[in-house]
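> If you scroll down you'll find the structure; I have some questions about it.
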Amino acid sequence: MLASLKVFWIARCKRVWVAMLLCGLGVGVELCFSPPPSAEANLSNFLVGGRRNQGGRSANRQKGGGVRAGRLNGGFDSRIPYVITPRNTFEASDQFTIRWQAVAGVETYTVRLWQWEDANGGRQQVVWQTTTSGTAVRYSGTPPLATEAFYAVEVITDQGVSSDLDAGCAIAGFAVLFPETRSRLQADLEAIDLTTLSPEEQALARAEVYLNYQMLDAAIATLAEQLALTPTDTLYLALGDFYSLAGLNTLARVHYTQALELATANRDDLWRAIALEGLGEVAVMGNDLAAALPYLRQAQLSYGLANVPLQANQVKDRIDLLETAQRLGIPPTDEPQVCVTAPLAPNPPLQP
């Protein structure tokens, strides 16, 4: 089945436009494709989400190349307790787990749940706060969260370093689904349970449904659970894209790297090309063209070996644009949209 889905992806690749649903807070992602007509997973939704778009979110995209639409900044700096969940998503209810990046040397974290004035406004009030020594805490729904309101999580270390320093903090908010939306979601998920898809295919199909409902956290959790059971290059690629959509780029890079290793071992040129392109785009997000361009050149070659000339030519155009930016000394991405500014010690090299 997965082999046929790969062919289907090549033949009927959809353009998936991923844009911020709410510009100021960045709650959720908006996907301009209709809900799937069947329960079968369309891999194009996972593996092309940030690539088919030739535009970008960067104001300097005409000169510097820009960020591929759908990919968000953030999740790079290991010195910051950046929020992992909930992040750029809708939650099914007001009971969910909050997780964040562990920071070396920190003993306790203060977690604050902020309500925002509106989608484009600033923070209004702290509705809940706790302190913990771990890197995850459960929000039990007390006080209840309103479905029409917008929220964001802030995590502060015992040394005063806030998750607001993360480059993606301005787009890391969330909201709660309306009850009627939850009913439709449940019906769509139950339809998948009636299919004869394999466990991996069911996980991909469920993740696609979640993505249609702009529930990025749930989509990631679904694929991560299946990945723990059966680690495949397809699941690693899908998670790489999803983490990139969430602005969790270190996690995206880790999963693209794993996908590349498996695809290389499997001698799968297509999946290898997609993993290389993902690694290149994550490097572009971090304004590291010295790392990005070699990845993209290898991706172009692999697309050629996989007999996908259209994608090979698109990557070549991307390389030409970024090489021009490199010669002119123009960074491809905008300055990070941090919520606060404060000095930090030099960042150590990121480890994959």
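> Using alpha-carbon positions, what is the distance between the centroids of the range 86-165 and the range 249-326, in Å?
After rounding, the separation between the Cα centres reads 34 Å.
> Mind ranking 257-264, 191-198 by how tightly packed they are, going by the mean number of other C-beta atoms within 10 angstrom, highest first?
Sorting 257-264, 191-198 by mean packing, highest first, produces 257-264, 191-198.
> What order do you get for 82-90, 280-288 when each peptide is scored by the mean count of other beta carbon atoms within 10 Å, highest first?
Most protected by this proxy first, the peptides run 82-90, 280-288.
> With Cβ to Cβ distances under 13 Å as the rule, what net charge do the other residues near residue 264 carry (K, R +1; D, E -1)?
With Lys, Arg at +1 and Asp, Glu at -1, the net is -2.
> With labels modelled as points extended 7 Å from the Cα through the Cβ direction, what inter-label distance (nm, one decimal) is found for residue 129 paired with residue 183?
In this crude spin-label approximation the distance works out to 3.9 nm.
> For residue 162, what is the net charge nearby, where nearby means another residue's Cβ is under 10 Å from its Cβ and Lys, Arg count +1, Asp, Glu -1?
Taking every Cβ under 10 Å from that of residue 162, the sum is -2.
> Quick one: length gained pulling residue 229 to residue 97 fully straight, 0.36 nm per residue minus the C-alpha distance?
In short, 45.4 nm is gained.
> Further question: Could you check the simple spin-label distance between residue 328 and residue 117, using points 7 Å along Cα→Cβ, in nm with one decimal?
3.7
> For residue 301 and residue 320 in one chain, what is 0.36 nm times their gap in residues minus the Cα-Cα distance, to one decimal in nm?
Full extension from residue 301 to residue 320 adds 5.4 nm.
> Another question about this same structure. Restricting the calculation to Cα positions, tell me the Rg (one decimal) and the Dmax (whole number) of the range 83-176 in Å.
12.5, 38
> Suppose each label sits 7 Å from its Cα in the direction of the beta carbon; what would the residue 195-residue 142 distance come out to in nanometres?
About 4.0 nm separates the two model spin labels.
Here, each number is a calculation from the coordinates, and none is a lab measurement. Source: prediction; values computed, not measured. Using ideal geometry, Cβ is built from the backbone for each residue, glycine included, and neighbour counts are taken over all protein chains shown.
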